[in-house]
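Working notes, structure below.
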Amino acid sequence: YLDEYYQQYISQFPRAQGMEEAQFQTALKQWEKTFSKGLDQLGKRLWTFLPKSFQDEYFKIYLSGDAPRSIIVHSDEMVFPWELVVPHSTINGKLIILEPLGISHVFGRWKTSLPMKPIPQNLQVRNFCVLNPTYTAPHELPWSLVEIKALQRLFPKLLVIKPADLTAVETQILNRSDIQIFHFSGHGRYDQNNSDLSELLLEGNGALKALGFIGTKLCAEACPIVYLNACSVGSTGLVVGRMGGFAANFLENGCSGVIAPYWPINDARAAKFSVSLYKKLQTGRAIGEALQELRSENRTDPTFIAYSYFGDPWTRLNL
């Protein structure tokens, strides 16, 4: 549903070829305005999918003037984009429309059957590993290089895995039990037919499938926070009646949290989002707090609104 919605808008995305830069920027701003309006309409529709008992309780608490600072949704499904939901209700003949849940609250999601992680909520980061593949033309991601250099300035002990091919990933990431943050910045591919076959694209024409994290030391022993800065890999889907995809496989195999986008993201803005997020985390903000602030500060930006978070919203990373 969300992907079909996004594809309708992406088909209208302005193309830079044949345009002056000023013309393109004007067209881009208009597209973003249209997308933001459409996203608001979608958020209102998503609200109607929720049980009436939930809707009534939410507005009861809102009208009491004591709305919760944070919300964490425990659910077996991982498809519904809770962060985008726009609460609305007609009360005493007056229509009330609130901010999306991901902006109104410090927000997190978790699977009902899994124990909460990490315990305690303050995760001491000793090893921060980054995977940033280098791609050949025309698939280069120049802004991802800017992103990684900025992160290296913030965190001098950051470990960038090179070469970013399948062999290095298997030996230097999947087989390690001492990584607290695993950050991927590159191309991703979401498989609508079987989300477990979604991929992170590596060097040497290699690819790391969502299935590749099952039964690894990285997930089972290290239990890291995972940040996937790649298009659409935050999406999940049903596979043989169960949740499939990167987020589902990371959580079910032991990871403490997953940050990833629902839809395709802009390279330059994804880099800005990443650096901005880590700067906020560096000041002591919890993951959910930092994400809420970024959404609120950039509420019309399709890239900043795209990120979902499966994890305890009050987890803090001691960086």
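The values are calculated or read from the model by the stated rules, or taken from the named source; none is laboratory data. Since the model is a prediction, treat every value here as computed from it, not as a measurement. Counting neighbours? That spans all protein chains shown, and the Cβs are built from the backbone with ideal geometry, glycine included. Accessible surface is based on the protein model in full, side chains and every heavy atom, while ligands, DNA and RNA are left aside. Shrake-Rupley method; radii C 1.70, N 1.55, O 1.52, S 1.80 Å.
Starting from a Cα-only point model with no solvent, please compute log10 I(q)/I(0) by Debye for segment 59-119 at q = 0.12, 0.14, 0.20 1/Å.
-0.38, -0.50, -0.88
Per the 1.4 Å probe, what fraction of the accessible area of segment 37-193, in percent, lies on carbon and sulfur atoms? Could the numbers behind the result be given before it?
Values: 4640 of 8470 Å².
Result for segment 37-193: 55 percent of the exposed heavy-atom area is carbon or sulfur.
Can you spot the aspartates and glutamates whose alpha carbon is less than 19 Å from K29's alpha carbon? Ignore those fewer than 8 places along the same chain.
E20, E21, D40, D267, E297, D301
Excluding same-chain residues fewer than 8 positions from K94, which lysines have a Cα within less than 26 Å of its Cα?
Correct list for K94: K37, K44, K52, K60.
If you count only protein heavy atoms and use a 1.4 Å probe, how large is the accessible surface of I287, to the nearest 10 Å²?
Its heavy atoms expose roughly 0 Å² to the probe.
Pairs of alpha-carbon atoms within less than 8 angstrom and 6+ residues apart define the contacts here; what relative contact order does the chain have, in percent? Could the numbers behind the result be given before it?
Numbers: 597 pairs, mean separation 58.5, N = 319.
18 percent.
Can you give the local net charge around V226? Use residues other than it whose beta-carbon is closer than 13 angstrom to its beta-carbon, Lys and Arg +1, Asp and Glu -1. Before the final figure, lay out each step's value.
On the way: positive: K117; negative: E252.
Local net charge: 0.
Please calculate the 1.4 Å probe accessible area of Y190, with all protein chains present, and give it to the nearest 10 Å².
50
With all protein chains present and a 1.4 Å probe, how do S274, S177 order by accessible area, largest first? The partial results should precede the final answer.
Values: S274 0, S177 60 Å².
Output order, biggest surface exposure first: S177, S274.
Net charge near C129, counting Lys/Arg +1 and Asp/Glu -1 over other residues with Cβ under 10 Å of its Cβ?
On the way: positive: R176; negative: D178.
Every neighbour counted, the sum reads 0.
Just to make sure I understand: if all protein chains stay in place, what is the order of D301, D191, D56 by accessible area at 1.4 Å, largest first? List each step's numbers first, then the result.
Details: D301 20, D191 45, D56 80 Å².
These residues rank, largest area first, as D56, D191, D301.
Using a Gaussian network for the chain with springs between C-alpha atoms less than 10 Å apart, which of these wobbles most: F59, F213, F304?
In this elastic network of the chain, the residue with the biggest mean-square fluctuation among F59, F213, F304 is F59.
Using a cut-off of under 20 Å, list every residue of segment 213-229 whose amide N is near the label point 7 Å from the Cα of N175 along the Cα-to-beta-carbon line.
Counting only backbone N, you get 213-224.
Provide the net charge surrounding F304, with neighbours chosen by a C-beta distance below 9 Å and charges set as Lys +1, Arg +1, Asp -1, Glu -1. Display every interim value, and only then the final one.
Values: positive: R269, K272, R295, R299; negative: E297, D301.
Residues near F304 contribute +2 overall.
Given a 10 angstrom Cα cut-off, can you work out which residue in N229, N253, N298 is the most mobile in a GNM of the chain?
Of the options given, N298 has the highest mean-square fluctuation.
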